[in-house]
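Colleague: I have a structure here, written as structure tokens, and I will follow up with some questions on it.
The values are calculated or read from the model by the stated rules, or taken from the named source; none is laboratory data. Note that the coordinates shown come from a computational prediction; the quantities given were computed from them, not determined experimentally. Cβ atoms come from the backbone with ideal geometry, glycine included; neighbour counts cover every protein chain shown. Remember, those area values only see protein heavy atoms, side chains included, never the ligands or the DNA or RNA. Shrake-Rupley method; radii C 1.70, N 1.55, O 1.52, S 1.80 Å.
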Amino acid sequence: MTKLTHLQRLEAESIHIMREVAATCDNPVMLYSIGKDSSVMLHLAMKAFHPSKLPFPLMHVDTTWKFREMIEFREKFIAENNLDLIVHINQDGVDQGIGPFSHGSATHTDVMKTQGLKQALDKYGFDAAFGGARRDEEKSRAKERIFSFRSAQHRWDPKNQRPELWNIYNNRIQKGESMRVFPLSNWTELDIWQYIHLENIPIVPLYLAKKRPVVERDGMLVMVDDDRMPLNPGEEPEMKMVRFRTLGCYPLTGAVESTATTLPEIIQEMLLTKTSERQGRAIDKDSNASMEQKKQEGYF
Amino acid sequence: MSDSKNDKSYEVAQSDQIASDIEGYLKDQEHKSFLRFITCGSVDDGKSTLIGRLLYDSKLIFEDQLATLENDSKKVGTQGGDMDFALLVDGLAAEREQGITIDVAYRFFSTDKRKFIVADTPGHEQYTRNMATGASSADVAVLLIDARKGILTQTRRHSYIVNLLGIRHAVVAINKMDLVDYAQDAYETIEKDYRSFAENLNFSSITFVPLSALKGDNIIDSGDNMDWYEGPTLMSLLETIDVSNQKEENPFSMLVQWVNRPDLDFRGFSGTIASGTIKPGDKIIALPSAKTSTVKSIVTYDGELDEAVADQAVTITLEDEIDISRGDVISEINRRPETTDQFQAQIIWMHDQPMLPGRPYLIKTTNKTVTGKVTSLKYKVNVNSLEHEAG
């Protein structure tokens, strides 16, 4: 008889969650960030509804500072798979010239990502939004329900979460309120990589090591991805063999020096590493509870 | 940090294999068994400390996290500047500020034998519903008891609730043994008390371990302080406890979650198999309509299956066009579940407003939400004494 592996169980759980949303929410959307977790989530969604098309659109909140290779990957993947994608950019932020170099990581992330996301959710009136967050990523994420309630102001109240028993999810909401739904809650970073490997899921090549132009700033290796990056006097981009453990806005995402050019090598490096995955992210360092605070304000 | 006590042989073996044979390591990972457990018990029994210790001793704390922990221990720790492992798990600002656990936190770790998800649950009475949330997805409950205090109200309350939610295996961890000079009789008194209390519960296994989460005794290593104890350490118990439930051998049933209709030619029923197995050609009955048909195919993105088993998420097509919608049950024709609109149940009431018999409520029965009423309340269980009280 078929004996399910750990990954097959995780897969079934995620599919169950997605079908639940499709069957009970009026206007769901799947947040697509182009990263590895989003790629796994999207792959699972295609499994969940096969042979039907996805019963909801995807949405990317584009801060205009993503790595160029991410956008290329997005365009190609969406076209090849005939998916329905909404790209939302916070035009107010663009008009004000908000960016990570001129305004710092906190303001940039808040305006272009958090405010941009809230704008988009309001604009389209989505009542449920899938996100690819995992509980093993960070302390406040470890506390969040799979179906996570948001007030009409998109706020999360971590001190007053709904009970969530077995695989029965309470997604009843009033007008204006919404749900953030996390189908990958119980996956670990290792599970994600292993699944990508087993299922041959396409990912952005930035995850694999290659010679790339970087400068070292505040202990972080920043890739010079375009000419919007102002170089300090004496700063000279250096070609280094690097890769990225997470992907986001290029000025805020630190590279790691690496020689891992295949998936098994990435996994090997990840297992032997001594630092956590979010360590390369500038936005997580602002303060200890910064993720919780951002989440309360509406960040994913 | 790098004291030899933490250098467990299996970790060394694991990282050797990772370095030399990553493909082989990944294959092993794929087939590793998996356990979900919770830690529960009263406030200050050391639940968060225990999980912090398990993660720390299994070397699952990254350097950047460790640096944060050292920093936080000095700033807000409760161990006089020593490592406060509870800070690894208490992730909300309000929790760290007040030094309590408000909501359940999920942590992930693995050894060479098993992968684990542990839910650290709050001990305060006002957060009992969060404890229940954590318990509902677990197979094993690790119930912590402070060796100095013995069984408390919360121990009884938590034991009763986790058992009612379906947990069949209890591990009673008698913690803070260091504070009773590792005395055997302290341990034995609590064991005896708990066994007599648990006679009224429905656990299929109860195991006892004396330990000190703070000092590390009997967590991964036995240590030298309790030579009188010959049982397994907590970790080796968790690695070996058998929680298989033979779900696959029960009659087939699947709750229809979503009707899959891409076009006029395809109509499938998507859902997760609740129990049993199914094959093309099997006769089924749809409930509550009691219409019957035969399974035509089991459709997945990866191709059609010859067989599907409990816990798999699939889409089933049938030979006949019968009316089935979300919330219906597809089951084995000869061993079908009973259908009824009245039943008796034990309810854990979580809302601040009291339950009122006669008042209409929405009842969510897995995939269906219906209105219903509680006709009468037969008795209330006093979760502290387990006595029945008038409704």
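Colleague: With heavy atoms of protein chains only and a 1.4 Å probe, what residues of the range A:149-167 have at least 50 Å² less accessible area in the full set of chains than alone?
Modeller: Flagged in the range A:149-167: A:159, A:163, A:165, A:166.
Colleague: While we're here: Which entries in the list A:3/A:139; A:3/B:291; A:211/B:27; A:139/B:75; A:139/B:47; A:3/A:143 go over 21 Å, if you measure between the two C-alpha atoms of each?
Modeller: The pairs that break the limit, which is 21 Å between Cα atoms, are A:3/A:139; A:3/B:291; A:211/B:27; A:3/A:143.
Colleague: Report the percentage of all Cα-Cα pairs in chain A whose separation exceeds 26 Å, rounded to a whole percent.
Modeller: 45 percent
Colleague: GNM, chain B, Cα, under 10 Å: largest mean-square fluctuation among B:52, B:303, B:372?
Modeller: So, out of B:52, B:303, B:372, the one fluctuating most is B:303.
Colleague: Could you tell me which trypsin sites (Lys or Arg not before Pro) in the range B:159-222 are loop residues by DSSP with no more than 16 other beta carbons within 10 angstrom of their beta carbon?
Modeller: Answer by residue number: B:168, B:215.
Colleague: Rounded to a whole number, what % of the accessible area of the range B:32-240 do carbon and sulfur atoms account for, probe 1.4 Å?
Modeller: Roughly 42 percent, rounded to a whole number.
Colleague: Follow-up. Rounded to the nearest 5, what % of the DSSP beta bridges within the protein assembly as shown are antiparallel ones?
Modeller: Of those bridges, close to 65 percent are antiparallel.
Colleague: Roughly how many Å is it from the Cα centre of the range B:144-161 to that of the range A:68-94, as a whole number?
Modeller: The range B:144-161 and the range A:68-94 have Cα centres spaced 54 Å from each other.
Colleague: OK, next. Which of the residues in the range A:131-147 show a loss of at least 30 Å² in accessible area from their chain by itself to the complete set of protein chains, at a probe of 1.4 Å?
Modeller: A:135, A:139, A:142, A:143, A:145
Colleague: Run the helix sum for chain B: -39,500 (n - 2.57) per DSSP H stretch of 4+ residues, divided by residue count, reported at 222 nm to the nearest 500 deg cm²/dmol.
Modeller: So the calculated ellipticity at 222 nm is -7500 deg cm²/dmol.
Colleague: Cut-off 10 angstrom, C-alpha nodes, Gaussian network model of chain A. Which of A:39, A:290, A:148 fluctuates the most?
Modeller: Checking each option, the largest mean-square fluctuation is seen for A:290.
Colleague: With every protein chain left in place, what is the accessible area per residue of the protein assembly as shown in square angstrom, probe 1.4 Å?
Modeller: Heavy-atom accessible area per residue stands at 44 Å².
Colleague: Also, I was wondering about something else. With both bridge residues required to lie in chain B, what share of the DSSP beta bridges run antiparallel, to the nearest 5%?
Modeller: Here the share of antiparallel DSSP bridges comes out near 65 percent.
Colleague: Report the A-B buried area as the accessible area lost on both sides summed, probe 1.4 Å, in Å² to the nearest 100.
Modeller: Chains A and B together bury roughly 6000 Å² of accessible area.
Colleague: Sticking to Cα atoms, compute the Rg of the range A:1-127 to one decimal and its Dmax as the biggest Cα-Cα distance, whole number, in Å.
Modeller: Radius of gyration, then largest Cα-Cα span, for the range A:1-127: 16.8, 61 Å.
Colleague: Name the lysines eligible as straight-distance cross-link partners of residue A:36: C-alpha to C-alpha under 18 Å, and not fewer than 8 places from it in the same chain.
Modeller: Of all the lysines, those that pass the test against residue A:36 - Cα under 18 Å, at least 8 places apart if same chain - are A:47, A:66, A:76, A:210.
Colleague: Once you have the Cα-Cα distance between residue B:112 and residue B:343, take 0.36 nm times their residue separation minus that, and quote the gain in nm to one decimal.
Modeller: Stretched fully, the residue B:112-residue B:343 segment lengthens by 78.6 nm.
Colleague: Mind pulling up the Rg/Rh value for the protein assembly as shown? Radius of gyration and Kirkwood radius, both on Cα.
Modeller: 0.96
Colleague: What GluC sites (Glu not before Pro) does the range B:189-242 have in DSSP loop regions with at most 14 other beta carbons within 10 Å?
Modeller: Sites meeting the loop and neighbour criteria: B:199, B:230.
Colleague: Alpha carbon centre of the range B:177-231 versus the range B:37-59: separation in Å?
Modeller: Here the two parts' Cα centres lie 15 Å apart.
Colleague: Pop out the carbon and sulfur fraction of the accessible area of chain A as a percent, whole number, probe 1.4 Å.
Modeller: Within chain A, the accessible surface is 49 percent carbon and sulfur.
Colleague: Need one number: the % of Cα-Cα pairs in the range A:201-285 sitting beyond the 17 Å mark.
Modeller: 46 percent
Colleague: Determine the percent antiparallel among the DSSP beta bridges restricted to the range A:6-191, to the nearest 5.
Modeller: 25 percent
Colleague: Could you tell me how many cubic angstrom of Cα convex hull volume the range B:32-240 has per residue?
Modeller: Spread over its residues, the Cα hull of the range B:32-240 gives 114 Å³ apiece.
Colleague: Along Cα→Cβ, 7 Å out, is where each label goes; now give me the distance between the ones at residue A:241 and residue B:43 in nm to one decimal.
Modeller: Here the modelled spin labels are 5.6 nm apart.
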